[in-house]
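What follows is one structure encoded as structure tokens, with my remarks underneath.
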Amino acid sequence: MSARHKKAASEGGPQSAPAPLGRGVPAVFLDRDGTVSEEVGYINHISRLQVYPWSAEAIRKLNQAEHRVIMVTNQSGVARGYFTEELVNAVHQKITSELAAHGARLDAMYYCPHHPNGKLKAYRIDCQCRKPLTGMVEAAARKFHIDLARSYVVGDSYRDMQLGFNAGTRTILVMTGYGRGEYEHHRQGWPRMPDRIAENLLEAAEIILGETGRAGAAAPGDSLTSQPL
Ligand SMILES: [Mg+2]
Ligand SMILES: [Zn+2]
């Protein structure tokens, strides 16, 4: 994990229930742009943030079922000099408050500000957190004692699906953001298909709850051991 990797101040923690001994808890890792909020290119100003109207309900349902809900987002616009980490944090604070107004909560928000060809030297590194690499997921898995085999990655790009494949989670591609275009025009070239396709984040949440029920309940195909993270 890069020392420059940062987490938003809104990260949950004290309110997290302790995990059962010897077994991790399931989590849902959410991409941000095109999954929780509208894909608008880079969000280089707070006014460009548009949280999808169904996102709070989707996340609230996952909260109620005791899944950890964790955002993982590439924000290479920081490395490219398009916007600052302060802007990223402001966007995440606004997402947090909009979700809270509807009774929904993210347990943590991770972002990768790096890019190997970034304009700003401080961020120009080959990091381990830029999706589809697993640094953000692994950091969350350690912190929250997550069982990745019982967890999901939900996103609108194939890169998110590759993150899930690399981390050993299940994967759901949403048709919002870049999702429909990626699926319709590029899936022939994909070496591996997403596990499921969903119209949007709310349908993805319903699929997850249908497959797993509450986090404490056993699901078909459950591993008896947690991931060695
Ligand atoms: Mg996206
Ligand atoms: Zn990174």
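The values are calculated or read from the model by the stated rules, or taken from the named source; none is laboratory data. This structure is a prediction, so every number in the text was calculated from the model and none was measured. Cβ coordinates were reconstructed from backbone atoms using ideal geometry, including for glycine residues, and neighbour counts include every protein chain displayed.
Couple of notes before you dig in:
- Residues of the stretch 34-55 satisfying the condition of being crowded, with 22+ Cβ neighbours inside 10 Å and either among the basic types (Lys, Arg) or more than 17 Å from LYS131 (Cβ to Cβ) (or both): SER55
- Any hit, the stretch 192-201, residues being under 16 Å from VAL72 (Cα atoms), more than 16 Å from ligand 2 (Cβ to nearest atom) and under 15 Å from the mean Cα position of the chain (by Cα): yes
- In the stretch 149-199, residue farthest from ligand 1 (Cβ to nearest atom) [restricted to those that are hydroxyl-bearing (Ser, Thr, Tyr) and closer than 19 Å to PRO26 by Cβ]: SER151
- THR84 vs. criteria surrounded by fewer than 16 Cβ atoms within 10 Å (Cβ to Cβ), of a type outside the set (A, V, I, L, M, F, W, C), modelled with pLDDT of 95 or more and within 16 Å of ligand 2 (Cβ to nearest atom): yes
- Test: residue in the stretch 213-226 that is modelled with pLDDT under 95, in contact with a His (Cβ under 8 Å, 6 or more places away or on another chain) and not hydrophobic (A, V, I, L, M, F, W, C): yes
- Scanning the stretch 140-159 for residues that are crowded, with 24+ Cβ neighbours inside 10 Å and within 15 Å of ligand 2 (Cβ to nearest atom) yields one hit, ALA140.
- Yes/no for GLN188 being modelled with pLDDT of 95 or more and more than 16 Å from ligand 2 (Cβ to nearest atom): yes
- Odd one out for GLY81, checked against (1) more than 16 Å from ligand 1 (Cβ to nearest atom); (2) outside any helix (DSSP H, G or I); (3) under 20 Å from ALA100 (Cβ atoms): (3)
- Of the residues making up the stretch 119-139, those that are more than 10 Å from ligand 2 (Cβ to nearest atom), assigned to a loop (DSSP other than H, G, I, E, B) and within 21 Å of ASN44 (Cβ to Cβ) are LYS119, LEU120, ARG124.
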